[in-house]
Amino acid sequence: MTAARLLPGAALAAAAALAAWAASAALPALPLLTAAVLLGIVVGQFRLPDRLAPGLALASRRLMRIGVVLLGLKLSLGDIARLGGGAIATTVAITIVTFGATLLLGRLLRLPGREPLLVAAGFSICGASAIGAVSGAVRAKDTEAATPVALVTLCGSLAIFVLPALRGPLGLDEQEFGHWVGAGVHDVGQVVATASTAGSAALAIALVVKLTRVLMLAPMVAVTAAVERRRDSTASTRPPLVPLFVAGFLAAIVARTLLPIPDAALHAADLAQTALLAMALFALGTGVRVRSLVTTGWRALVVGLASWALIAALALLAVRLA
């Protein structure tokens, strides 16, 4: 596909990422990636010119995968190991239980296509980034990812306001609150916005717990890709057993753990990762049709809210047991 065909949609996604950055800078409680999705949803309610489609597809797929690879540079296995075996075990257990329960509920309520799988990935692992990663691994359509992205954005945004309001009644100190947020909130940006309300100590532990959940992205994507290969055993083209971008994600984690990467390089990678994911999530957001979601998407909303409540309850239980 020529650059001329890709440029209009890609340029729109880049402009939207800049607009989302400006909105997040003006409203610190609004995470940049959440702003990007919301902006995409707003734009998506209008009929977009057909010439934008190739560039938006590039952003929602290829740029998303590159962003996921760079996300691995946020992870150091040493930082995660310092959490302790108990905290790591409960975080992994919460992720697996939430994934399985959400997938089951989505199928029981007969969500279409791969929506149950994508909702489960988003709510249990790392929000819209996980939805994009799993969508790429199983070759889901952008239309199948649109509703899960909208749901995880909605619930993650609610968490920014709901969880801090519950901190006092639940009697959580800074570290306990940070652990709860890291284990129970979806997107990394939403974790930062929520945990920051309780101070730097809460934010520090929230990020480490959250990144432990992000580490689950690789095995979850590998397993779903393997299952998809078995289901599509008669197809001429099947998803790879380990998608290339997942291998890149793991390589980035290893590099961050073992190599002395300069802070300037990590900062540049972080900026690039944020920009690419903002473009990708804007593009996915343009596929959300609010009227359709309101009139026919009540089952998806039930699944999303139930999954949100489940992971918050399990995370709180883990904090109490710690």
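The table below lists the values:
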read-out	value
Any pair with Cβ under 7 angstrom, 6 or more apart, that starts in the stretch 236-255 at a residue that is within 15 Å of Leu215 (Cβ to Cβ) and of a type in the set (Gly, Ala, Ser) and ends at one that is modelled with pLDDT of 80 or more and in a loop (DSSP other than H, G, I, E, B)	Ala255/Ile261
Flag if Ala101 is assigned to a helix (DSSP H, G or I), surrounded by fewer than 24 Cβ atoms within 10 Å (Cβ to Cβ) and either aromatic (Phe, Trp, Tyr) or without any contact (Cβ under 8 Å) to a residue 24 or more places away in the chain (or both)	no
Near pairs, Cβ below 8 angstrom, 6+ apart or cross-chain, from the stretch 159-175 (closer than 16 Å to Leu317 by Cβ and in contact (Cβ under 8 Å) with a residue 12 or more places away in the chain) to any residue that is of a type in the set (Val, Ile, Thr) and not in a helix (DSSP H, G or I)	Leu163/Val185
Members of the stretch 182-197 that are more than 12 Å from Ser124 (Cα to Cα), crowded, with 23+ Cβ neighbours inside 10 Å and free of Cβ contacts under 8 Å to residues at least 40 places away in the same chain	Val191, Thr194, Ala195
Any chance Ala10 is within 20 Å of Ala145 (Cα to Cα) and in a helix (DSSP H, G or I)	yes
Unique residue being surrounded by 21 or more Cβ atoms within 10 Å (Cβ to Cβ) and within 16 Å of the chain's Cα centre (by Cα) when the list is Leu75, Leu56, Leu30	Leu75
Every residue from the stretch 298-310 that is farther than 20 Å from Val181 by Cα and crowded, with 21+ Cβ neighbours inside 10 Å	Ala300, Val303
Selection count, the stretch 13-23, where residues are in contact (Cβ under 8 Å) with a residue 12 or more places away in the chain and surrounded by fewer than 22 Cβ atoms within 10 Å (Cβ to Cβ)	4
Single match in Ala140, Ala145 (criterion: in contact with a Leu (Cβ under 9 Å, 6 or more places away or on another chain), of a type in the set (Gly, Ala, Ser), modelled with pLDDT under 90 and not in a helix (DSSP H, G or I))	Ala140
Selection status of Arg47, of a type in the set (D, E, K, R) and either on the phi > 0 side of the Ramachandran plot or without any contact (Cβ under 8 Å) to a residue 12 or more places away in the chain (or both)	yes
Failed criterion for Ser124 (all others in (1) part of a loop (DSSP other than H, G, I, E, B); (2) in contact with a Ser or Thr (Cβ under 6 Å, 6 or more places away or on another chain) hold)	(1)
Scan of the stretch 34-53 for residues that are more than 25 Å from Ala130 (Cβ to Cβ) and either of a type in the set (Gly, Ala, Ser) or crowded, with 16+ Cβ neighbours inside 10 Å (or both), ordered by number	Leu52
Meets criteria (in a helix (DSSP H, G or I), modelled with pLDDT under 90 and either aromatic (Phe, Trp, Tyr) or in contact with a Ser or Thr (Cβ under 9 Å, 6 or more places away or on another chain) (or both)) for Gly78	yes
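The values are calculated or read from the model by the stated rules, or taken from the named source; none is laboratory data. Bear in mind that the values here come from a model prediction, so they are computed numbers and not experimental data. Here the Cβ is made from the backbone with ideal geometry for all residues, glycine too, and neighbour counts use every protein chain on show.
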